[in-house]
Amino acid sequence: MPPDEHADRPLDPRKLEITASGTHEYDVTITHPSGADTRHCVSVPESLLDDLGVTPAQEPSLVRASLVYLMEREPSALPEEFDLDEIGRAIPAYRDDIVSRL
């Protein structure tokens, strides 16, 4: 099977393992359609939570929804470490779009 045969498939949200690693910080393992795993450290700025009206209980859902959102648009652009504000800088519609996914 060619390595990019599954490149057009969207990321299955169940293939995301998200673990809180600190205050507003998450370790994420993504199992891609190819079967390869990548690991990422994601931070959630408090200012973003306030701006979006997201409660602390919704924060893990925001991380999951944001990763799926980013992978749908820029699957090769996921850095090893980033904060969710970076998605909004790269994709201006992010803040408007993400609230409807929570």
Cβ pairs under 6 Å, 6+ apart, first in segment 20-45 and without any contact (Cβ under 8 Å) to a residue 24 or more places away in the chain, second acidic (Asp, Glu): 21/27; 29/17; 29/37; 31/37
Residue match in segment 46-60 (condition: in contact with an Asp or Glu (Cβ under 9 Å, 6 or more places away or on another chain), under 15 Å from residue 94 (Cβ atoms) and surrounded by 12 or more Cβ atoms within 10 Å (Cβ to Cβ)): yes
Any chance residue 100 is in contact with a strand residue (DSSP E or B) (Cβ under 9 Å, 6 or more places away or on another chain) and polar (S, T, N, Q): no
Residues being under 19 Å from residue 30 (Cα atoms) and out of contact with any strand residue (DSSP E or B) (no Cβ under 9 Å at 6 or more places or on another chain) - total across segment 43-69: 4
Residue within segment 64-81 that is surrounded by fewer than 16 Cβ atoms within 10 Å (Cβ to Cβ), at negative phi and part of a strand (DSSP E or B) present: yes
Residue that is at pLDDT 90 or above and assigned to a loop (DSSP other than H, G, I, E, B), where the choices are 28, 54: 54
Residue within segment 60-81 that is acidic (Asp, Glu) and within 16 Å of residue 98 (Cα to Cα) present: yes
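The values are calculated or read from the model by the stated rules, or taken from the named source; none is laboratory data. Given the structure is predicted, the values throughout are model-derived calculations rather than measurements. Reconstructed Cβ throughout: ideal geometry from the backbone, glycine too, with neighbour counts over all protein chains shown.
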